Each structure stands twice: as structure tokens, then as C-alpha cells.
Amino acid sequence: TESLHLSEPKMASGKNRHLNIRETVKALHQEGGVPIFWRGLTASLLGLVHVAIQFPLYEFLKAEFRTINSNEKGQERPIDLLCASGISKVCASFVSYPHEVIRSRMMDARGAEAGRNALKTVQ
């Protein structure tokens, strides 16, 4: 799916005004060969940090809300689940958002070293 994540912004950005995805993929391949489709993969893998933060935090908050506000059956209230979900998503997004910027820059980079090093992209 990484190649589709690359093709979609290229089509939308206007840098490669092609009629369809086939022409966009062909132009990208001519520009950088097969490696161009894997630009930003390292940074995308760092995106797993988002999941590693959100779900454990959600489960923790859900358990906390259960102990504080559970009904007589020991179940969470829907509002508690909504709050746990929202708080965990906001926290995870806040921490992991910078990787989205790095990934986008790596995918759109040009030149010989384009998309090769996430640390160089940050600078």
C-alpha cells in the first residue's frame, strides 16, 4: 500500500497531472525506478508508535472509568468509552504527528538521496 500512498498525493498535488493512477505510477517509475515507491517507508513504520500509544492508553482509561463510574453490572457507560477513546486518540496524535510530516517530506523528496534517510529529511 505504500506505493498507493505515494501515488495519491502526487496525483492531487498537481506535480504530475495525469488522468489516472496507471499513468501516475508509470511516470513515478520513470522518475525513480522501483525504489521511488518505497520512499517514506521507514517513517511510516514509525507511525506504529501511534497505535502503541493509543490502544494501551485506551484500555487503561477504560479500566479507570470502569472503577470510578461503572453501573451495577460492572459495565462502562457509553460516555466513559467515548471519553477514553477521545483522550487516547488525542494523546497518541499529539505524540506521533511529527512522523507524518517526516513521511510526507520523504515521499516528496527529489534528488539522488531522496527518501533515503529520515534524519536528513528532518534537517
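The values are calculated or read from the model by the stated rules, or taken from the named source; none is laboratory data. Because the structure is predicted, anything quoted here is derived from the model rather than measured. Positions of Cβ are generated from backbone atoms using ideal geometry, with glycine treated the same way; all protein chains shown enter the neighbour counts. Only protein heavy atoms, including side chains, enter the accessible area calculation; ligands, DNA and RNA are left aside. Shrake-Rupley method; radii C 1.70, N 1.55, O 1.52, S 1.80 Å.
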Q. Of the conditions (1) in contact with a Lys or Arg (Cβ under 7 Å, 6 or more places away or on another chain); (2) in contact (Cβ under 8 Å) with a residue 40 or more places away in the chain, residue 54 fails just one. Which one is it?
A. (2)
Q. Is it true that residue 119 is among the hydrophobic types (A, V, I, L, M, F, W, C) and modelled with pLDDT of 90 or more?
A. no
Q: Select from region 65-104 the residues that are touching a residue at least 12 places away in the same chain (Cβ under 8 Å) and charged (D, E, K, R) and write down the one among them that is least open to solvent (accessible area, probe 1.4 Å).
A: 80
Q: Name the one entry in 63, 114 that is at pLDDT 90 or above and of a type in the set (Gly, Ala, Ser).
A: 63
